[in-house]
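So the structure is just underneath, and the comments pick up after that.
The values are calculated or read from the model by the stated rules, or taken from the named source; none is laboratory data. Because the structure is predicted, anything quoted here is derived from the model rather than measured. Because the Cβ atoms are built from the backbone with ideal geometry, glycine has one as well, and the counts that use them run over all protein chains shown. Ligands, DNA and RNA are stripped out before the accessible areas are found, and what is left, the full protein with its side chains, is counted by its heavy atoms. Shrake-Rupley method; radii C 1.70, N 1.55, O 1.52, S 1.80 Å.
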Amino acid sequence: MIKLIGVEKKLGGQPVLQGVDLAIPAGKLTTIIGRSGEGKSVLLKHMIGLMQPDRGEVWVGDVEISRLSGTRLNDVRKRFAMLFQGAALFDSLSVFENVAFPLREKLRMKGPAVAQRVEEKLEQVGLKGMGHKFPAELSGGMRKRAGLARALVMEPEIILFDEPTTGLDPLMAKSIHDLIMTMQRRFGFTAVMVSHEIPEIFAISDWVAMLRQGKIAAMAPAIEFQRITDPDIHEFISVGGTVVLPGSHMG
Amino acid sequence: MIIKMVERIGAPVVARVEEMGRMLLFVLSAFAWLMRPPFRFSHMLKQLHFIGYKSTFVVVLTAGFTGMVLALQGYYSLRKFGSEGLLGSAVALSMIRELGPVLAALMVTARAGSAMTAEVGIMRITEQIDALDTMAINPMQYLIAPKLVAGLIGVPLLVAIFDVVGIYGGYLVGVDLLGVNAGSYWNSIESAVEWKDVYGGILKSISFGLIITWICSYKGYYTRQSAEGLGTATTEAVVLSSVVILVWDYFLTSVLL
């Protein structure tokens with residue numbers, strides 16, 4: 001679905017991505033883990049064309065997007081939605097208007113059809129009856145839910161999640177994770193999530209990839225990933241309390 | 001050694017040239033997106049309300065007192081030559097040609113321009129601009145272009161209000177307080193003010209409207225990702241807009257005269 005080939009990116013003269021090769025499987029939930037400052041969010045932004053690589057290629061389906069701009073890039077972006085770290089809700093709009101925003105602006109939908117679809121999504125994310133509130137009146141978890149509703153409302157093929165549980169308490173983080181997993185299983189979109197939440201991500205992800213020193217150090221199905229014996233990966237994933245199963249050396 | 005020295009001197013120059021190029025591309029891109037559907041009239045009206053209508057009070061206040069002080073100063077200067085009757089033309093010409101466009105533009109920069117930089121900058125920092133991009137909605141078209149159009153329409157209207165209020169402010173002091181003949185006040189305006197004065201003022205105010213919205217939205221759009229960066233961007237936007245307005249005013253005046 002999404003494929004990155006030899007992607008390199010420098011920010012402020014510092015190399016961040018140093019030849020990332022990654023293939024995201026369609027219809028699955030893939031989580032990218034890695035230390036802070038490794039460039040996970042940068043990697044995610046390359047997938048949707050918010051950043052262009054200095055070198056390498058980014059493929060979405062059969063379209064290479066790294067040199068696209070304007071209308072052609074927008075055509076590719078119509079297949080995507082993204083949930084940002086801070087949810088990126090528009091401050092001046094209510095929750096309802098935020099969720100309705102892509103329907104009104106992109107699909108030019110009007111009237112009861114918008115209301116019906118927005119209410120449906122708000123109910124799915126547990127925000128029924130909250131449409132009139134403004135982002136400033138919401139808790140961190142509720143904002144993430146509203147962001148998720150906005151991401152889901154266009155029924156995209158691919159949704160990117162940039163650290164969706166940052167700043168939330170463990171219970172709220174778990175409920176957001178469960179919500180993401182439920183929605184992904186229900187609608188079957190391709191999900192790419194950047195997260196630090198170990199070990200929770202192993203329970204909800206189909207695939208896990210680790211970014212280390214600007215490259216993908218390992219990528220495997222979630223269960224297999226926990227068996228990796230590479231010392232760095234082992235240390236990183238066991239700090240969170242994961243039971244590392246005995247098995248093959250990968251990475 | 002010499003190469004390093006040249007590099008050290010040249011680096012800030014190159015950076016400035018690069019920024020100027022980026023600013024030019026920014027405004028060209030906004031106008032290019034303006035020409036493409038969908039046309040967002042409601043956004044433009046909202047911005048016009050913010051830049052124009054909400055600046056009216058401060059513009060009226062500034063205009064009134066500017067006209068009053070101009071009449072006060074003008075009266076005592078003209079009285080030395082026995083030409084108090086020309087007070088109206090002195091106030092009106094100063095207002096229409098210079099003070100109206102420049103002072104109104106500076107007030108709009110302080111009130112609406114700074115708010116514009118802060119608004120766009122916060123949208124950048126909180127990834128709301130990235131969110132627009134991911135929804136395949138061009139931020140230049142959705143966010144910036146309506147502000148530019150609102151500036152081009154709103155500032156000339158404010159300048160017109162400024163001129164009228166300023167002339168009446170001068171009337172209040174000159175005629176009602178200092179005893180200048182009302183008929184000669186209005187007659188001197190009628191005989192001295194020509195169409196090219198009004199035309200020059202309109203031309204100035206249109207260009208100032210563009211300068212304010214261009215610089216202020218640009219500074220917000222490319223703000224650094226921190227509260228300090230936003231503060232710096234807002235300060236830079238107000239200072240740069242004000243300086244460019246004054247410099248551009250000089251060049252435009254020298255061409256128009």
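A few remarks follow.
- Peptides B:190-196, A:153-159 ordered by packing proxy, namely the average of other Cβ atoms within 10 Å per residue, highest first: A:153-159, B:190-196.
- Both radii are taken from the alpha-carbon atoms of segment B:105-257; with Rh as the Kirkwood radius, Rg/Rh is 1.13.
- Segment B:1-53: C-alpha gyration tensor shape, a/c 1.5 cut-off, then a/b vs b/c: prolate
- Cα-projected label distance for B:Tyr250 with B:Glu7, points at 7 Å along beta-carbon direction, nm: 3.6 nm
- All other residues whose Cβ lies under 10 angstrom from that of A:Gly129 are scored, Lys and Arg at +1 and Asp and Glu at -1, for a net of 0.
- The H on the amide N of A:Lys215, modeled in the peptide plane, is under 5 Å from the matching H of A:Gln18, each at least 5 residues off or on a different chain.
- Dipole of the protein assembly as shown [Lys/Arg +1, Asp/Glu -1 at C-beta], most positive-end residue of A:Gly86, B:Gly10, B:Leu28: B:Leu28
- Principal axis extents of the C-alpha atoms in segment B:1-157 (largest first, rounded to whole Å): 67, 57, 27.
- Rounded tilt (10° steps) of B:195-221 against the dominant C-alpha axis of chain B: 30 degrees
- Euclidean distance between Cα centres, segment B:11-25 to segment A:159-218, Å: 41 Å
- Rg/Rh for chain A stands at 0.97; both radii use Cα atoms, and Rh follows the Kirkwood definition.
- Value of relative contact order over chain A, rounded to a whole percent, pairs C-alpha under 8 Å and six or more apart: 24 percent
- Where the protein assembly as shown is the region considered: accessible area per residue in Å², 1.4 Å probe: 47 Å²
- Accessible carbon and sulfur surface of chain A relative to its total accessible area, %, 1.4 Å: 52 percent
- By the rule of a C-alpha distance below 13 Å, with chain neighbours fewer than 8 residues away ignored, the aspartates and glutamates paired with B:Lys219 are B:Glu19, B:Glu119, B:Glu236.
- For A:Lys128, the lysines whose Cα falls under 25 Å of its own Cα, not counting residues fewer than eight places away in the same chain, are A:Lys106, A:Lys110, A:Lys144, A:Lys174.
- Straight Cα distances below 22 angstrom link A:Lys10 to the lysines A:Lys40, A:Lys45, A:Lys215, with same-chain residues fewer than 8 positions distant left out.
- Peptide B:134-142 has a mean of 6 when you count, residue by residue, the C-beta atoms of other protein chains within 10 Å of its C-beta.
- Peptide packing for B:122-130, B:92-100 was compared via the average number of neighbouring C-beta atoms within 10 Å per residue; ordered from the highest value, the list is B:92-100, B:122-130.
- Alpha carbon convex hull of segment A:1-147, volume per residue in cubic angstrom: 148 Å³
- Chain B - percent of accessible surface contributed by carbon and sulfur, probe 1.4 Å: 71 percent
- When Rg and the Kirkwood Rh are both derived from Cα coordinates, the Rg/Rh ratio for the protein assembly as shown amounts to 1.11.
- Local net charge near B:Leu230, Cβ-Cβ under 9 Å (Lys/Arg +1, Asp/Glu -1): +1
- Per residue of A:100-112, other chain Cβ atoms within 10 Å of the residue Cβ number 2 on average.
- The distance separating the Cα centre of segment B:79-148 from that of segment A:87-111 comes to 29 Å.
- Take each residue in A:76-83, count the other chain C-beta atoms within 10 Å of its C-beta, and the mean is 3.
- Cβ crowding within 10 Å averaged over residues, with B:151-161, B:171-181 ranked highest first: B:151-161, B:171-181
- Prolate is the label for segment A:86-230, because the ratio a/c of its alpha-carbon gyration tensor axes (a ≥ b ≥ c) is 1.5 or higher and a/b is greater than b/c.
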